[in-house]
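The values are calculated or read from the model by the stated rules, or taken from the named source; none is laboratory data. Keep in mind that what you see is a predicted model, and the values were worked out from it rather than measured. We place every Cβ from the backbone using ideal geometry, glycine too, and count neighbours over all the protein chains shown.
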Amino acid sequence: MMANMRPFRDLVANQYDEENNKTHSSKEQIDVEKSVLNMYESAHMKITLNRNLPRLATNAHMDFIRDGLTQLPHSYSCLDASRTWLCYWSLHSMSLLTDISKTWPLNKEESMIVQFLSKCQHPSGGFGGGPGQYPHLATTYAAVNALCIIGTQEAYDIINRKTLKEFLYSVRAPNGAFRMHLDGEIDVRGVYCALSIATLTGIYSEKLFDGTAEWVVSCQTYEGGFSGCPGLEAHGGYTFCAIAVLTILKRPKLCDLHSLLRWLVNKQMKLEGGFQGRTNKLVDGCYSFWLACSVLLAGVALGEKKMLFNQTALQEYIMVCCQYNSGGLLDKPGKRPDLYHTCYTLSGLSLTQTNSDYIGIPFYLGFINPLYNISYEKVEIMKTYFKDTKDETL
Amino acid sequence: MGDSSDEEFQNSESWVFYRNRDDWKDVEPVEQEDGGEYPVVSISYTPKFKDVYDYLRGVMKIGEKSQRALDLTADAIALNAANYTVWQYRRDILKELKSDLAKELKYIEKVIQRHCKNYQVWHHRRVIVEWLQDSSKELKFTQGILVFDAKNYHAWQHRQWAIKTFGLYEGELEYVDSLLRDDIRNNSAWNQRYFVINNTIGFVDDVVSKEVEYVLEKIETVPLNESAWNYLKGLLLHDKGGLSNNVKVTTFCEDLYMSGNRSPFLLALIVDMCDERISNKAEDDKYNLKRASELCHELATTVDPIRCRYWEYMSTTISKKAGCESGEDAEGGDGPEEAAAAGASHDV
């Protein structure tokens with residue numbers, strides 16, 4: 001059913017209280033709240049004229065994503081070592097916005113993406129961020145996810161699982177953590193990417209992840225969330241990686257789920273409705289996925305069926321504050337849209353629709369498997385394919 | 001997006017393309033092989049970007065490890081500091097040439113100042129410091145970065161690594177304290193406080209006691225500061241009596257509540273105290289199911305309504321616990337199948 005947006009006067013009443021102690025953190029927070037309140041104020045005015053607002057500008061977003069999937073401006077040069085990510089962000093965003101029966105991307109275009117990704121695969125196993133680049137766990141994760149979304153036999157068959165497995169072993173640390181690449185840095189992203197890759201492509205083994213759950217738990221901080229490495233500050237992105245790993249390994253109870261859940265729900269901002277990534281930091285649209293999804297996973301591990309964050313408020317933030325006029329979604333008002341934020345705000349929006357009411361015109365996004373952030377069916381199809389594919393060389 | 005483009009135009013007038021350089025005539029540039037006939041996530045590289053990377057691919061193809069190749073990697077990095085392949089190749093060259101690592105440390109300092117939120121640059125610095133086995137500049141260097149962004153995650157990660165690896169704990173608590181005096185809401189600084197104590201003296205009884213006093217004073221100044229409340233809960237993890245038996249803390253909370261303060265973190269902590277007593281079957285007239293339920297209701301309806309579902313969940317969970325023999329969570333799914341299904345149910 002249709003839900004009402006929070007009344008504007010309630011939002012005004014939720015403004016930050018500096019408690020006579022102005023600091024850098026409070027100044028930044030107050031600035032963001034001002035720009036967010038402006039957006040909400042004009043949204044509320046428009047809604048009095050048109051009950052069907054706010055709406056998701058599906059077509060504009062599709063155009064933005066489609067442009068990105070083909071040609072990007074040179075300002076994207078800083079992502080030249082993340083091009084498999086650009087594929088995944090675009091494909092996943094489109095799959096969320098598109099009815100499965102619709103025909104985009106076309107087979108031919110899908111095939112071009114597969115060919116491009118095969119150029120990113122490294123002879124020693126795994127995928128680099130672009131053709132000829134060294135293999136890296138994050139860019140491999142993105143490539144495998146992209147191939148999973150495409151979901152054709154051509155896509156599956158370009159993955160060299162023998163060398164992929166060798167790559168995963170080559171970056172495994174003795175304690176069960178993973179380096180991002182050979183001689184690269186260790187953090188929780190590595191573990192999540194490795195486990196996601198291994199379980200999707202059917203090369204998971206207990207030996208490969210021996211000690212991994214224990215290492216991940218050592219990254220839970222006194223605040224309840226997880227950090228990138230033991231000792232660091234709890235952070236939303238790393239926390240998603242950690243709870244997803246523990247869930248896939250069927251050991252979520254190894255961590256303190258109650259303190260995790262408390263930290264997670266506290267990251268939802270009372271005025272903005274979106275999530276911050278760390279305590280006393282600012283809201284960012286991308287955490288709509290990392291944090292909301294972690295709430296879902298922690299809730300499931302505790303046996304809770306309901307989503308324990310405020311789904312309506314998060315919808316409001318995404319719909320009112322994260323949509324760019326000419327297409328694409330963004331971090332917070334005043335920022336430019338990009339494919340990363342488009343992917344993760346839309347993924348978060350999908351989670352706000354799970355067993356929930358909606359605001360504005362109903363537009364249901366695709367279902368996602370929260371562990372992989374890929375559509376539910378595609379994950380099943382890929383897993384089944386590799387389960388049934390006997391590879392003598394593995 | 002990135003700042004690579006600004007850099008690119010800075011020296012555009014004096015820039016000579018590699019393809020026009022006499023001393024590079026012997027190297028065959030290698031174009032990027034993108035695959036199919038249609039572009040996919042194709043970036044409109046500037047001519048300079050394409051030139052530099054074509055020559056970088058050329059050099060990597062023949063495995064040349066020379067001074068000019070090292071300089072070429074610096075040009076490539078200036079155009080995209082996030083290219084981990086270039087950094088890795090640069091390290092291979094540094095090793096091969098036995099280059100001056102002190103000079104490299106100065107170079108990476110400059111790069112980090114331009115691109116301080118990038119994994120590759122910090123990793124490079126860490127490797128160089130490891131090779132040099134000289135950590136004498138790390139505290140000052142990270143401090144310089146934290147002046148501009150006191151919560152820079154990479155800077156903190158590097159700082160913690162240097163402190164832990166080389167035993168540089170001395171003076172760190174004072175530094176943290178100065179950051180907290182600047183910004184009492186700087187959660188990275190609170191986290192660092194915990195890190196230092198945890199890795200040095202440890203949370204022994206009198207440390208917990210002193211830290212409790214420190215944090216209560218900070219909470220008193222800004223009761224809505226989540227960082228300080230989280231730190232307090234972190235301290236109480238080490239209190240043998242648990243959350244609810246530290247008289248300083250319970251007295252402070254009760255007084256604050258009685259004074260009319262309704263910080264959600266205050267109410268939440270009292271809920272946790274009740275929860276702990278109920279779990280330990282040690283309910284009393286202050287910390288019991290009735291109070292927990294009332295506080296959860298107050299949180300859900302007036303104090304913290306954005307989290308109303310969570311507080312309703314907490315209320316139910318605590319009630320169940322009170323009525324449940326074992327006092328343990330009765331249920332809880334740990335299968336990935338349940339988690340997967342949870343994301344896939346729309347109530348249409």
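Take the residues of region A:24-36 that are crowded, with 19+ Cβ neighbours inside 10 Å and either farther than 28 Å from A:ALA3 by Cα or aliphatic (A, V, I, L, M) (or both): which is farthest from the chain's Cα centre (by Cα)? Here the answer is A:SER26.
Looking for something among the acidic types (Asp, Glu) and assigned to a loop (DSSP other than H, G, I, E, B) - is there at least one such residue anywhere in region A:373-386? No: zero hits.
Can you pull out every residue in region B:86-105 that is among the polar types (S, T, N, Q) and within 28 Å of the chain's Cα centre (by Cα)? Scanning region B:86-105 gives a single hit, B:GLN88.
Residues considered: A:ASP17, A:ASP63. Of these, the only one that is of a type outside the set (A, V, I, L, M, F, W, C) and either under 26 Å from A:ALA143 (Cβ atoms) or part of a helix (DSSP H, G or I) (or both) is A:ASP63.
Residue-by-condition table, conditions (1) closer than 20 Å to A:CYS322 by Cβ; (2) facing chain B (nearest Cβ under 8 Å):
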| site | (1), (2) |
| --- | --- |
| A:LEU86 | yes, yes |
| A:SER90 | yes, yes |
| A:ASN107 | no, no |
| A:VAL114 | no, no |
| A:LYS119 | no, yes |
| A:HIS122 | no, no |
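Quick check on my filter: what residues within region A:1-23 are surrounded by 12 or more Cβ atoms within 10 Å (Cβ to Cβ) and either touching an Asp or Glu at 6+ places or on another chain (Cβ under 8 Å) or under 28 Å from A:PHE363 (Cβ atoms) (or both)? Passing the criteria: A:ALA3, A:MET5, A:ARG6, A:PHE8, A:ASP10, A:LEU11, A:ASN14, A:GLN15, A:TYR16, A:THR23.
Summed over region A:258-296, residues that are part of a loop (DSSP other than H, G, I, E, B) and either modelled with pLDDT under 95 or farther than 22 Å from B:THR302 by Cβ (or both) total 10.
I'd like to check something: does region A:135-145 contain any residue that is in a loop (DSSP other than H, G, I, E, B) and modelled with pLDDT of 95 or more? The answer is yes, given that some residue of region A:135-145 is in a loop (DSSP other than H, G, I, E, B) and modelled with pLDDT of 95 or more. The number of residues in region A:234-256 that are more than 20 Å from the chain's Cα centre (by Cα) and facing chain B (nearest Cβ under 8 Å) comes to 3.
Of all residues in region B:11-31, one or more are at negative phi, within 14 Å of chain A (Cβ to nearest Cβ) and modelled with pLDDT under 95. Restricting B:TYR169, B:TYR214, B:TYR175 to residues that are among the aromatic types (Phe, Trp, Tyr), without any contact (Cβ under 8 Å) to a residue 12 or more places away in the chain and either more than 9 Å from chain A (Cβ to nearest Cβ) or not in a helix (DSSP H, G or I) (or both) narrows the list to B:TYR214.
Going through (1) out of contact with any His (no Cβ under 9 Å at 6 or more places or on another chain); (2) buried (at least 24 other Cβ atoms within 10 Å of the Cβ); (3) more than 30 Å from A:VAL114 (Cα to Cα) one by one, A:ASP210 falls short only on (2). Confirm whether A:LYS335 is within 29 Å of B:VAL271 (Cα to Cα) and not in a helix (DSSP H, G or I). The answer is no for A:LYS335.
Residues checked against (1) buried (at least 24 other Cβ atoms within 10 Å of the Cβ); (2) in contact with a helix residue (DSSP H, G or I) (Cβ under 9 Å, 6 or more places away or on another chain):
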site: A:CYS322; (1), (2): yes, yes
site: A:TYR344; (1), (2): yes, yes
site: A:LEU351; (1), (2): yes, yes
site: A:LEU365; (1), (2): no, yes
site: A:ILE368; (1), (2): yes, yes
site: A:ILE381; (1), (2): no, yes
site: A:THR384; (1), (2): no, no
site: A:THR389; (1), (2): no, yes
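Here is a check on your reading of the model: is A:LEU86 at pLDDT 95 or above, assigned to a helix (DSSP H, G or I) and surrounded by 19 or more Cβ atoms within 10 Å (Cβ to Cβ)? Considered against the rule, which asks whether it is at pLDDT 95 or above, assigned to a helix (DSSP H, G or I) and surrounded by 19 or more Cβ atoms within 10 Å (Cβ to Cβ), A:LEU86 comes out as yes.
Within the option set A:SER82, A:SER77, A:SER26, A:SER95, being within 30 Å of B:ARG114 (Cα to Cα) and in contact (Cβ under 8 Å) with a residue 60 or more places away in the chain holds for one residue only, A:SER82.
Set side by side, the residues A:TYR192, A:TYR169 differ, and just one is surrounded by fewer than 22 Cβ atoms within 10 Å (Cβ to Cβ), assigned to a helix (DSSP H, G or I) and modelled with pLDDT of 95 or more, which is A:TYR169. The residue pairs whose first member lies in region A:305-334 and is more than 14 Å from every other protein chain (Cβ to nearest Cβ), whose second member is of a type in the set (Phe, Trp, Tyr), and whose beta carbons are closer than 7 Å, counting only pairs six or more residues apart or on different chains, are A:VAL320/A:TYR40; A:GLY327/A:PHE64.
Checking B:ASN191, B:ASN225, B:ASN186, B:ASN198 one by one, the residue that is over 23 Å from B:SER263 (Cβ atoms) and within 12 Å of chain A (Cβ to nearest Cβ) is B:ASN198 and no other.
Of the residues making up region A:361-372, those that are part of a loop (DSSP other than H, G, I, E, B) and without any contact (Cβ under 8 Å) to a residue 12 or more places away in the chain number 1.
Checking each residue in region A:89-134 for being out of contact with any Asp or Glu (no Cβ under 9 Å at 6 or more places or on another chain) and at pLDDT below 90 picks out A:THR98, A:ASP99, A:SER101, A:LYS102, A:THR103, A:TRP104, A:PRO105, A:LEU106, A:ASN107, A:LYS108, A:GLU109.
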